[in-house]
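The values are calculated or read from the model by the stated rules, or taken from the named source; none is laboratory data. What you see is a predicted model; the values in this text were computed from it and never measured. Every residue, glycine among them, receives a Cβ derived from its backbone with ideal geometry; neighbour counts consider all protein chains shown. Just the protein is used for accessible areas: all its heavy atoms, side chains included, with ligands, DNA and RNA removed. Shrake-Rupley method; radii C 1.70, N 1.55, O 1.52, S 1.80 Å.
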Amino acid sequence: MKSLIDFILRHYFAILFFLLEFFNLFLIIEFNSYQKQIFYNFSNDITGKIYETVYSITSYLNLKEENKSLLKENAKLKNLLTAKYFQSNNNFTEAYFEYIPTNIIYKSLVYENNFFLINKGQVDGIQPNTAVVSPQGIIGVVFKTSPHFSSVLSILNTKTAVSAKMKKNNYTCLVKWDGKDYRYGKIENLPTYIKVSEGDTIVTSGFSAIFPPGILIGTVKNIKKKEQENFYDITIRFTVNFKIISNAYVIHNRHKQEINNLLQNSTIDE
Amino acid sequence: MNKVYDEILYNFFILFIFQLLVFNNIVFFNNYIPYIYIFFLITLPANTSNLFLILSAFVIGSIQDIFSGTIGIHSFATVFVAFVRPVILSLYTPLSKYDDNKFLYPGTYGINWFIKYSVTIIMLHSFVLYLIDAFDLTLILSVFLKTFISTLITWILGLAVVYGLIEKVRK
């Protein structure tokens with residue numbers, strides 16, 4: 001202990017110098033938008049490369065599960081294809097949304113605000129605020145992009161909320177996550193006069209230009225009434241198993257710009 | 001000893017009144033602002049304690065940052081200069097050795113010595129400043145050019161203020 005204090009006293013000038021410069025660097029990156037952007041692009045690329053290497057090694061471990069889900073999805077798609085022959089011109093989703101396949105190279109599950117990294121970026125046409133889904137259901141929203149990688153805000157994030165609806169009666173609600181268990185989400189704004197039962201399916205509503213309508217989110221697991229309030233406290237189980245996913249699609253809404261412009265212009269100036 | 005503190009305060013006010021009210025509003029060639037506040041660090045006596053040196057560098061850098069909206073950038077450069085100043089002083093020791101509590105003005109150890117010493121410090125300060133400002137090593141050539149021009153402007157105007165309003169008045 002004494003030698004440590006001696007060391008600090010002897011080198012206080014250098015120690016103080018490094019402390020102050022680190023503090024200044026922190027301030028520079030935090031408060032100057034130009035430097036901030038360069039720093040985050042740089043760090044995003046570096047961490048992206050590292051995680052991609054890790055992913056290329058560990059991806060073999062999940063192959064079995066992945067194969068299963070891919071087979072399932074294949075079957076589903078084939079069904080859709082045959083169904084399409086018999087359907088009239090209902091190609092709303094196809095015309096509006098473009099699917100870009102990608103791999104998840106990093107994911108976090110244990111924090112309050114989790115995120116993913118995927119190995120597609122600006123070069124592949126990925127923009128912030130586009131949806132990311134897996135074959136089993138939604139995963140998150142693209143948050144920041146660098147040339148070859150993007151970070152995705154997971155729905156396992158206390159700051160995000162997804163506009164959703166009940167599949168059976170189309171009532172809309174908001175799906176949130178309480179930061180505790182990666183398997184379960186919450187719905188808190190569904191009024192009690194709506195009938196809900198266990199096992200009901202929750203899908204995206206399609207009201208935010210980000211997610212296409214009708215993508216799976218989860219199933220109702222537990223229903224409680226809030227005390228002295230006319231709202232349910234519903235726990236849902238996500239259909240996506242975040243522990244094992246490694247493939248995903250980025251869904252790019254071709255008309256997002258147009259929709260957003262129209263939304264902005266539609267507010268009436270007083 | 002009190003006289004030293006008097007002089008430090010006087011230098012601080014003169015340099016910052018000019019820096020904040022006059023020079024921050026003068027932009028040469030669309031790009032260059034003379035950063036004469038760095039003369040505060042340059043003129044401190046050679047026996048100034050390292051603690052005072054580095055903390056005052058942080059304070060004056062932060063003041064300039066707050067007034068020019070570049071949080072952290074000037075402060076980074078001034079703290080760097082405060083860190084290397086003792087080394088530069090020992091490189092340029094004059095024949096008569098440094099006197100205690102004697103401020104380093106153009107007349108103190110002769111103008112030749114002062115030019116060598118102050119240009120080195122200003123150059124380092126400008127270089128670090130523009131490097132942090134560019135934040136990108138591929139722009140290094142333009143950083144060198146900016147450093148050169150900025151050093152020239154800062155040195156001439158700073159010298160005028162230090163000589164005319166500080167050294168002369170003090171005598």
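Observations
- Here the gap between A:Lys221 and A:Arg237, fully extended at 0.36 nm per residue and compared with their Cα-Cα distance, gives a gain of 5.2 nm.
- Ligands, DNA and RNA aside, A:Ser43 has an accessible area near 30 Å² when probed at 1.4 Å.
- Chain B: DSSP helices with Cα axial extent of at least 24 Å and average Kyte-Doolittle hydropathy no lower than 0.5: B:50-68, B:73-91, B:111-134, B:140-161
- For the stretch A:138-189 versus the stretch B:124-159, the spacing of their alpha-carbon centroids is 47 Å.
- The residues of the protein assembly as shown present an accessible area of 57 Å² per residue when probed at 1.4 Å with all protein chains retained.
- Placing a label point 7 Å from the Cα of B:Ile26 along the Cα-to-Cβ direction, the residues of the stretch B:44-64 whose backbone N falls under 19 Å from that point are B:64.
- Peptide A:193-204 is shielded by partner chain Cβ atoms: per residue, an average of 0 of them sit within 10 Å of its Cβ.
- Listed residues A:Glu227, B:Glu7, A:Glu65 arranged by accessible area, highest first, probe 1.4 Å: A:Glu227, A:Glu65, B:Glu7
- Under the span-like rule (Cα at least 27 Å along the axis, Kyte-Doolittle mean at least 0.0), DSSP H helices of chain A: A:12-31
- Of the listed residues A:Leu9, A:Leu70, the order by accessible area with a 1.4 Å probe, largest first, is A:Leu9, A:Leu70.
- In chain B, taking the dipole from charged Cβ atoms about the Cα centre, the farthest positive-side position among B:Leu21, B:Val143, B:Leu9 is held by B:Leu9.
- Of the whole protein surface, A:Val110 contributes about 120 Å² of accessible area at a 1.4 Å probe radius.
- Look at where the Cα atoms of the stretch A:1-28 and of the stretch A:239-270 average out, and the two centres are 47 Å apart.
- Accessible-area value, A:Glu229, 1.4 Å probe, nucleic acids and ligands omitted, Å²: 90 Å²
- FRET efficiency, A:Ser43 to A:Ser208 (Cβ-Cβ, R0 25 Å, nearest 0.05): 0.30
- Cβ-based net charge around A:Tyr171, under 11 Å, with every Lys or Arg adding one and every Asp or Glu removing one: +3
- Average beta-carbon neighbours from other chains, 10 Å sphere, peptide A:17-27: 6
- Average partner coverage of A:32-39, which counts Cβ from other chains inside 10 Å: 3
- Charge sum, other residues only, whose C-beta stays under 10 Å from A:His148's C-beta, Lys/Arg counted +1 and Asp/Glu -1: -1
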